Amino acid sequence: MSTYGSIITVLAVLGSLLVLGTFLFSAFEGIDLFNAFYWTVTVLSTVGFGDIVPKTPQSKMLYVVIVFAGIAAYSYFVTTVVSKLSEARLKNFFSQYLPGLGEKKNLKDHVIIIGWNRFSEAAYDELENNGIDVAVVVDDEAQAKALASKGVNVVYGDPATDKTLHEAGILGCRAVIVTITSLEKLLIYLLKIRGVRGDVQVITLSRERKTDEILKQAGASTVVDAYDIVGRLLASGVFEPLAGEVLRDMTMAKTGLDLEQLKLSREVSIYELEQEGFKSKILLVERGGRRLYIPDRDFKLRKGDTVVIVGEKERLRFDLKKLEERD
């Protein structure tokens, strides 16, 4: 029963006791209804001034029943109301001072990030810059409060439990990113995620190549070798620093160049796209499991092809609309 339903029930019980007590006391004691009503109110409220007292055995028994019923009903009523007010004040406090731990957004088609570190922060920023809602799951209370104070949508709890995953919206999310570096915890979380929802895309970090296959067997859709990528960028800074800058630029949505991936819903050649004003560059076309890099202008794109394009951020929005047009 809801809180409001409980309050209405208690009020109905009190009203019934008041009516019943008024008529019965009037009948038992032979007094008018007004004085009987006055006596019943004082008994129900446990005030009992003593100016009217029961004299007959029936009235005394009625007095006992109404006293105990009144105490129980009033106690339940006060407890329910105080509980509701306290809950409202707590929600107001969290929404004002810790918005991320207050009432959760109705997230859908969002991304869940499990764990918080520099990898998580970079992933969070990139998703936010692309306009994608994010729920961050952490099992450290202090960390949860710190993130919530910054406006991050936080779920505080153990990621290895159904309750926490459902609070994060596991059934409605588009993907889960796990940035935990502990292999033991990582395997537990992957198995739990797969147990709750088998079809969700799960991206995770790997610190050693020999664990990549193990992580995939545990449920990872994509395993990112962070150290390999960082190492290559560090090396590029030695002999091709500009190329390294371009690579970093393309992986960050808020800077000049950006990468986008989408599945086509039309058939068109790259030349025809250029005639329509398409300026970005198609880097990759995947069709039937085969990949073609940097196709020429005469290449015919088909429905269902997955393409990866690169371009300046503002221009990319226009070109994406061209690719998303249907025949």
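The values are calculated or read from the model by the stated rules, or taken from the named source; none is laboratory data. Values in this document were obtained by computation on a predicted structure and should not be read as measured data. Positions of Cβ are generated from backbone atoms using ideal geometry, with glycine treated the same way; all protein chains shown enter the neighbour counts.
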Name the residues in segment 27-80 that are in a loop (DSSP other than H, G, I, E, B) and not hydroxyl-bearing (Ser, Thr, Tyr), would you? Gly30, Ile31, Asp32, Val47, Gly48, Phe49, Gly50, Asp51, Ile52, Val53, Pro54, Lys55
Given Ser265, Ser236, which one is hydroxyl-bearing (Ser, Thr, Tyr), farther than 30 Å from Lys322 by Cα and touching a helix residue (DSSP H, G or I) at 6+ places or on another chain (Cβ under 9 Å)? Ser236
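The rows are residues; the columns are (1) on the phi > 0 side of the Ramachandran plot; (2) modelled with pLDDT under 85.
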{"site": "Gly21", "(1), (2)": "no, yes"}
{"site": "Ala27", "(1), (2)": "no, no"}
{"site": "Ile31", "(1), (2)": "no, no"}
{"site": "Phe37", "(1), (2)": "no, no"}
{"site": "Val41", "(1), (2)": "no, yes"}
{"site": "Thr46", "(1), (2)": "yes, yes"}
{"site": "Asp51", "(1), (2)": "no, yes"}
{"site": "Pro54", "(1), (2)": "no, yes"}
Is it the case, given these coordinates, that Arg291 is modelled with pLDDT under 90, out of contact with any Cys (no Cβ under 9 Å at 6 or more places or on another chain) and outside any helix (DSSP H, G or I)? no
Sole residue being in contact with a Pro (Cβ under 6 Å, 6 or more places away or on another chain) and under 30 Å from Asp258 (Cβ atoms), chosen from Gly151, Gly115: Gly151
Tell me, please, whether a residue that is surrounded by fewer than 15 Cβ atoms within 10 Å (Cβ to Cβ), at pLDDT below 85 and within 28 Å of Asn129 (Cβ to Cβ) can be found in segment 256-268. yes
Considering each of Leu205, Leu234 in turn, give the residue that is among the aliphatic types (A, V, I, L, M) and without any contact (Cβ under 8 Å) to a residue 12 or more places away in the chain. Leu234
When residues of segment 269-280 are limited to those that are surrounded by fewer than 17 Cβ atoms within 10 Å (Cβ to Cβ) and under 11 Å from Arg315 (Cα atoms), the one nearest to the chain's Cα centre (by Cα): Lys279
If I ask for residues that are crowded, with 21+ Cβ neighbours inside 10 Å, more than 14 Å from Ser221 (Cα to Cα) and under 13 Å from the mean Cα position of the chain (by Cα), which ones from segment 170-187 would you list? Cys173
Name the single residue, out of those in segment 188-211 being at pLDDT below 90 and assigned to a helix (DSSP H, G or I), that is surrounded by the fewest Cβ atoms within 10 Å (Cβ to Cβ). Lys210
Just one of (1) touching a strand residue (DSSP E or B) at 6+ places or on another chain (Cβ under 7 Å); (2) without any contact (Cβ under 8 Å) to a residue 12 or more places away in the chain; (3) surrounded by 14 or more Cβ atoms within 10 Å (Cβ to Cβ) trips up Tyr293, so point out which. (3)
